[in-house]
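**Student:** Structure incoming, see below.
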Amino acid sequence: MLARHAGKITGIAAALSPVGGLTGCAGMQSALDPAGHEAQELYLLFLGMCAGGAVVFISVVSLLIYAVHHQRRVHSDRVVARLILWGTVTTVAVLTVLLTFSLALWPGLRPVQAEGQPAIEITVTGHQFWWDVRYQTPDGQAVVVAANEVRLPVGERVFLTLESADMIHSFWIPALAGKMDMVPGRSTHLSLLATRPGVFRGPCAEYCGTSHALMAFSAVAMEPAAFTAWLAARRMPSPTAQAAGLQAFLSNGCGGCHTISGTEARGKIGPDLSHVGSRETIGAGILPNTVQSIARFIKEPDTIKPGVRMPSFRMLPDEEIAGIAQYLKGLQ
Ligand code: CUA
């Protein structure tokens with residue numbers, strides 16, 4: 001029954017969407033512009049609660065106006081008793097409808113993994129102030145490591161295991177689903193089902209230190225075939241023609257913290273930089289992924305992201321930084 005009404009409610013929402021557009025409710029980081037199954041359920045919950053809240057507000061204001069205009073008239077005991085009765089009945093009815101409505105949406109908000117159902121499994125670990133992302137390949141044979149970007153196929157359920165290496169962070173892609181805390185020492189889980197392709201933004205939703213507000217990632221929903229090809233390509237080392245840039249990267253010790261597949265760089269402290277050139281952003285959702293941004297981040301990560309663990313490399317000549325940046329951008 002709820003499903004039948006869901007269509008109607010979505011229709012009303014679609015009619016109101018130009019209003020949403022005008023007030024800035026659309027966009028890559030909006031729960032009011034859903035692109036995932038769970039976000040759609042939450043959107044229905046939001047509309048239902050707004051409608052319920054409007055009914056309560058209008059009723060209370062109407063009663064207030066009534067009371068102000070009839071302040072001098074003394075009601076009989078019978079009228080007073082009736083007002084109290086109907087006030088109670090209306091309150092209970094509104095709360096019952098809202099509670100039933102929200103409980104009916106519950107199963108769709110936290111779906112459990114069906115037995116034997118093949119699913120894409122991704123482990124995301126929160127760090128101050130970036131995200132480590134590991135994909136289990138469908139054959140179960142390999143783990144593809146990436147950072148600061150979560151890719152997922154449209155129309156296929158993805159199961160996420162969420163962990164933290166230091167503080168409590170919170171994983172949230174408003175356009176796709178609700179948020180889930182990442183707690184040190186334990187694993188939490190979240191399930192996503194993207195319903196249309198697109199690039200969305202995921203902010204960290206739990207205060208985790210100085211650069212909490214600068215800890216974000218891109219969520220890229222791709223067509224299933226494109227996702228499979230992308231994941232297969234990520235199992236190969238990044239192709240590169242920038243031998244000088246790689247040399248500068250290694251000789252300045254960058255490989256002590258970062259890994260680049262197919263090279264001697266095997267560090268585990270910072271984000272994995274294999275294929276970093278193909279990511280949407282640099283610095284965990286902070287800068288557009290360009291050679292200039294990468295160079296700027298190498299030179300002064302502390303001014304772009306206060307509290308970052310990466311040391312600044314201001315002492316390097318600009319040409320050397322540019323060479324490393326060009327090499328990294330070339331890792332497609
Ligand atoms: Cu990580 Cu806030």
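The values are calculated or read from the model by the stated rules, or taken from the named source; none is laboratory data. This is a predicted model, so every value here is computed, not measured. Reconstructed Cβ throughout: ideal geometry from the backbone, glycine too, with neighbour counts over all protein chains shown. These accessible areas exclude ligands, DNA and RNA; they are computed on the full protein's heavy atoms, side chains included. Shrake-Rupley method; radii C 1.70, N 1.55, O 1.52, S 1.80 Å.
**Student:** Does A194 satisfy being closer than 24 Å to P138 by Cα, more than 16 Å from the ligand (Cβ to nearest atom) and free of Cβ contacts under 8 Å to residues at least 24 places away in the same chain? Explain how you work it out, then say what you get.
**Tutor:** Numbers: closer than 24 Å to P138 by Cα: yes; more than 16 Å from the ligand (Cβ to nearest atom): yes; free of Cβ contacts under 8 Å to residues at least 24 places away in the same chain: no.
When the stated conditions are applied, A194 does not pass them.
**Student:** If you go through the stretch 246-291, how many residues are of a type in the set (A, V, I, L, M) and in a helix (DSSP H, G or I)?
**Tutor:** 5
Yes or no, residue by residue, for (1) at pLDDT 90 or above; (2) crowded, with 21+ Cβ neighbours inside 10 Å; (3) touching a Leu at 6+ places or on another chain (Cβ under 9 Å):
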{"position": "A241", "(1), (2), (3)": "no, no, no"}
{"position": "A244", "(1), (2), (3)": "no, no, no"}
{"position": "E264", "(1), (2), (3)": "no, no, yes"}
{"position": "I304", "(1), (2), (3)": "yes, no, yes"}
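**Student:** Being among the charged types (D, E, K, R) and within 13 Å of the ligand (Cβ to nearest atom) is the filter; apply it to the stretch 144-188 and report the residue that is most open to solvent (accessible area, probe 1.4 Å). Explain how you work it out, then say what you get.
**Tutor:** First, pick out the residues of the stretch 144-188 that are among the charged types (D, E, K, R): 149, 151, 156-157, 163, 166, 179, 181, 186.
Next, only the ones that are within 13 Å of the ligand (Cβ to nearest atom) stay: 163, 166, 179, 181.
Numbers: E163: 62, D166: 41, K179: 95, D181: 58 Å².
In this case the residue turns out to be K179.
**Student:** Among the residues of the stretch 199-217, count how many are hydroxyl-bearing (S, T, Y) and near the ligand (Cβ under 9 Å from one of its atoms).
**Tutor:** Residues meeting the conditions: 2.
**Student:** Okay, moving on. Give me a count of the residues in the stretch 240-293 that are among the aliphatic types (A, V, I, L, M) and at positive phi.
**Tutor:** Here the count works out to 1.
**Student:** If you don't mind, another one. Give the residues of the stretch 215-225 that are open to solvent by 50 Å² or more (accessible area, probe 1.4 Å) and either at positive phi or touching a Lys or Arg at 6+ places or on another chain (Cβ under 8 Å) (or both), sorted by residue number.
**Tutor:** Hits for the stretch 215-225: nothing passes.
**Student:** Another question, if that's okay. What about E300, is it surrounded by fewer than 15 Cβ atoms within 10 Å (Cβ to Cβ), over 18 Å from N148 (Cβ atoms), in contact with a Ser or Thr (Cβ under 7 Å, 6 or more places away or on another chain) and not polar (S, T, N, Q)?
**Tutor:** Numbers: surrounded by fewer than 15 Cβ atoms within 10 Å (Cβ to Cβ): yes; over 18 Å from N148 (Cβ atoms): yes; in contact with a Ser or Thr (Cβ under 7 Å, 6 or more places away or on another chain): yes; not polar (S, T, N, Q): yes.
Yes.
**Student:** Quick one: in the stretch 123-132, of everything that is among the β-branched types (V, I, T) and within 16 Å of the ligand (Cβ to nearest atom), which residue is farthest from S278 (Cα to Cα)?
**Tutor:** T125
**Student:** Could we say that T228 is open to solvent by 20 Å² or more (accessible area, probe 1.4 Å), away from the ligand (no atom under 16 Å from the Cβ), assigned to a helix (DSSP H, G or I) and among the hydroxyl-bearing types (S, T, Y) here?
**Tutor:** Yes: the conditions hold for T228.
**Student:** For Y135, which of the numbered conditions (1) more than 11 Å from the ligand (Cβ to nearest atom); (2) in contact with a Gly (Cβ under 8 Å, 6 or more places away or on another chain); (3) aromatic (F, W, Y) fails to hold?
**Tutor:** Here Y135 meets the rest and fails (2).
**Student:** Also, quick follow-up: Is it true that R235 is among the basic types (K, R), touching a residue at least 12 places away in the same chain (Cβ under 8 Å) and open to solvent by 40 Å² or more (accessible area, probe 1.4 Å)? Give the derivation first.
**Tutor:** On the way: among the basic types (K, R): yes; touching a residue at least 12 places away in the same chain (Cβ under 8 Å): yes; open to solvent by 40 Å² or more (accessible area, probe 1.4 Å): yes.
Taking the combined requirement at face value, the residue satisfies it.
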